[in-house]
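J.: Quick one: the structure is below, questions incoming.
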Amino acid sequence: MQLGLVGLGKMGFNMRERVRAAGHDVVGYDRDPGISDSASLADLVDKLEAPRIVWVMVPSGEATRQTVAELGDLLSPGDLVIDGGNSRYTDDKINAELLAGKDVAYLDCGVSGGVWGKENGYALMVGGAAEDVERAMPVFDALRPEGPQAEGFAHAGPVGAGHYAKMIHNGIEYGLMQSYAEGFELLDAADLIENVPAVIKAWQRGTVVRSWLLDLLVRALDSDPELDDLRGYVDDSGEGRWTVEEAINLAVPAPVIAAALFARFRSRQEDSPAMRAVASLRNQFGGHAVHQAGPSSGSGSTQG
């Protein structure tokens, strides 16, 4: 079948190659003419035969909303748009209603697999009408990992369900990564452990904590055993925040995911005002040792 793909960044470029390898015709568009197959969105639409399927893989938020709106003006009744980026699920209803007014169908698809997806396949979580999902199934089958369909693809529910599922997936990912990171730091801080990378590598088989994330941590340790080549500054894409907001809205306790999100915020502070306040309070009420700011350091007296 034929697919239009908008956005050929790290994910989109590899997705184009994987779908092509499955025997499908992919016409891509990107602002970088060096990797684009078309000169513009209008040119991309012209190169596709109706009824068209166009997959959008651009940054979430305004960039996606603008792309969907522009496609709505270019596409024809009976065409289908799939948003495969990391959009917030609340945007999907807005996009779907906009396109429905032009008789263009809409699916949202949460995609997981990162830069390894080209080789390993992508886990897909889709929201939208069953008939639209079925129509795009050859593309989903090309992108998902080999093996049983249910182990790499889910029709999660109506419009918005795909991105909601991916949001929760990413929240879980935050918690898992933070747990591995804290385990690494504990091992690294212990004088008793002489070979931290070897211990973590041994967890890859036979243990209950083995996972692909653990494999990636081992890979990182193989190239940088002390993990000191990178600064410990961690951004967040937004989905961890959205997951915590949903937990609050639904009154569902999610302390691990929330703590993992806040740990990322802490990573961006060279000197935490909150922890300075804690240190000051400990010094005030108990005279506990403190470290003075500036080139010289000192400590107060300790009591208990």
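The values are calculated or read from the model by the stated rules, or taken from the named source; none is laboratory data. Note that this is a predicted model, so its numbers are computed, not measured. Note that we place each Cβ from the backbone using ideal geometry, even for glycine, and neighbour counts take in every protein chain shown. Side chains included, ligands, DNA and RNA excluded: accessible areas come from the protein's heavy atoms. Shrake-Rupley method; radii C 1.70, N 1.55, O 1.52, S 1.80 Å.
J.: Counting only GluC sites (Glu not before Pro) that sit in a DSSP loop (anything but H, G, I, E, B) with at most 15 other Cβ atoms within 10 Å, what is the longest stretch of the chain containing none of them?
T.: 50-145
J.: Select from Asp92, Asp229, Asp43 the residue whose mean-square fluctuation is largest in a Gaussian network model of the chain (Cα-Cα springs shorter than 10 Å).
T.: Comparing Asp92, Asp229, Asp43 in the GNM, the peak value goes to Asp229.
J.: Mind sorting out which of (i) 193; (ii) 178; (iii) 116 is the real volume of the Cα convex hull per residue in Å³ computed from the coordinates?
T.: Among (i) 193; (ii) 178; (iii) 116, the one derived from this structure is (i).
J.: Take the solvent-accessible surface of the protein heavy atoms, probe 1.4 Å, and return the percent of it on the chain that carbon and sulfur atoms account for. Kindly include the intermediate steps, with their values, before the conclusion.
T.: Values: 9040 of 16640 Å².
That share works out to 54 percent.
J.: Please report, in Å, the Rg and the Dmax of the range 175-304, where both are computed over Cα atoms only.
T.: 18.6, 50
J.: To continue, here is another question. So what is the relative contact order for the chain, in percent, with contacts set as C-alpha pairs under 8 Å and at least six apart?
T.: 11 percent
J.: Among Leu98, Leu44, Leu221, which one shows the biggest mean-square fluctuation in a GNM of the chain, springs joining Cα atoms closer than 10 Å?
T.: Leu221
J.: Something else: Would you mind checking the pairs Lys102/Lys166; Lys118/Lys201; Lys93/Lys166; Lys10/Lys166 and listing those with alpha carbons more than 22 angstrom apart?
T.: Lys102/Lys166; Lys118/Lys201
J.: Turning to a different aspect of this structure: Starting from the 7 Å offset along Cα-to-Cβ, what nm value, one decimal, do you get for the label separation of Gln2 and Glu245?
T.: Roughly 3.9 nm, to one decimal.
J.: Here's another thing I want to ask about it. Pick from Val199, Val126, Val81: which residue has the top mean-square fluctuation in a GNM of the chain where Cα pairs under 10 Å get a spring?
T.: Sorting by GNM fluctuation, first place goes to Val199.
J.: Another question about this same structure. Counting Lys and Arg as +1 and Asp and Glu as -1, what is the net charge of the other residues whose Cβ lies under 14 Å from the Cβ of Ile193?
T.: -4
J.: Per residue, how large is the accessible surface of the chain? Use a 1.4 angstrom probe and give square angstrom.
T.: 55 Å²
J.: Please identify the trypsin sites (Lys or Arg not before Pro) of the range 190-278 that satisfy two criteria: DSSP loop assignment and at most 14 other Cβ atoms within 10 Å. Which are they? Spell out each step's value before the answer.
T.: On the way: sites: Lys201, Arg205, Arg210, Arg219, Arg231, Arg241, Arg264, Arg266, Arg268, Arg276; in loops: Arg205, Arg210, Arg231, Arg268.
Answer by residue number: Arg205, Arg210, Arg231, Arg268.
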